[in-house]
Amino acid sequence: MGNFDRKNHWENIYNTKELKDVSWFQVRPETSLDFFKQFNVPTTAKIIDIGGGDSLLVDHLLDLGYQDISVLDISESAIERAKIRLGQKANNVKWIVADAATFVPTEQYDFWHDRAAFHFLTEENEISNYLETAQKSINPKGILVIGTFSEQGPKKCSGIEIKQYSETSMTDRLKIFFEKIKCITVDHITPFDTIQNFVFCSFKKLNTA
């Protein structure tokens, strides 16, 4: 990525745009919540939302009674905005300011969720490091859910080139550590009434014993 400063880029976005003025805004993240239902994720599960920023997923998870939620984002501004929005509820969330490409977890997770962070990793070393980190940090029976722009989706987001995936290419990229459970494609309608096509895939860890 050359001299591109990813952190400053995202801090600037969150300092200059309102929540409802970003393309990824969702009042209710139905697709993500459906994965929690599909896997019957218990409210005691350790959950991490990678690139969660100030999205509303954490609000819904708290309302559903989830007790151990971590939200990671590269932007401190995004996390501060989420804390302000949640008020006292923010104290029930673990907030992590870190780049998903270099994140070093300090605990194991039962459910690793990533909507639209992974596709910003376009360099091989970043992708490999992310997947190795996920493999090491997800419990043996844990679930990984990743949502990215599909091959029919945008090639850029917020002025940054992204890496598109199909069900096949994502499965192939993750197969060294994970086995695909299910993939779906979803049209996300942005606040500007444009359509972004996503592919969401769920995975379980390979049994390496």
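Details
- Residue identified as assigned to a strand (DSSP E or B) and closer than 22 Å to Pro154 by Cβ among Asp110, Asp49, Asp99: Asp49
- Selected residue (criterion: surrounded by the fewest Cβ atoms within 10 Å (Cβ to Cβ)) from residues of region 31-46 that are outside any helix (DSSP H, G or I) and not hydrophobic (A, V, I, L, M, F, W, C): Asn40
- Against the test of being loosely packed, with under 15 Cβ neighbours inside 10 Å and among the aliphatic types (A, V, I, L, M), the options Ile146, Ile184 yield a single qualifying residue, Ile184.
- Cβ-Cβ under 9 Å pairs, at least 6 apart or on other chains, region 155-169 side assigned to a strand (DSSP E or B), far side among the β-branched types (Val, Ile, Thr) and loosely packed, with under 15 Cβ neighbours inside 10 Å: Ile160/Thr122; Glu161/Thr122
- Residue check for Ala134: surrounded by 14 or more Cβ atoms within 10 Å (Cβ to Cβ) and part of a loop (DSSP other than H, G, I, E, B): no
- Among the residues of this structure, Thr102 counts as one that is in contact (Cβ under 8 Å) with a residue 12 or more places away in the chain and surrounded by fewer than 21 Cβ atoms within 10 Å (Cβ to Cβ).
Laboratory data are not the source of any read-out in this text; all were calculated from the coordinates shown. Worth saying up front: this structure is predicted, and the values here are computed from it rather than measured. As a convention, Cβ positions derive from the backbone with ideal geometry for all residues, glycine included, and neighbour counts pool all protein chains shown.
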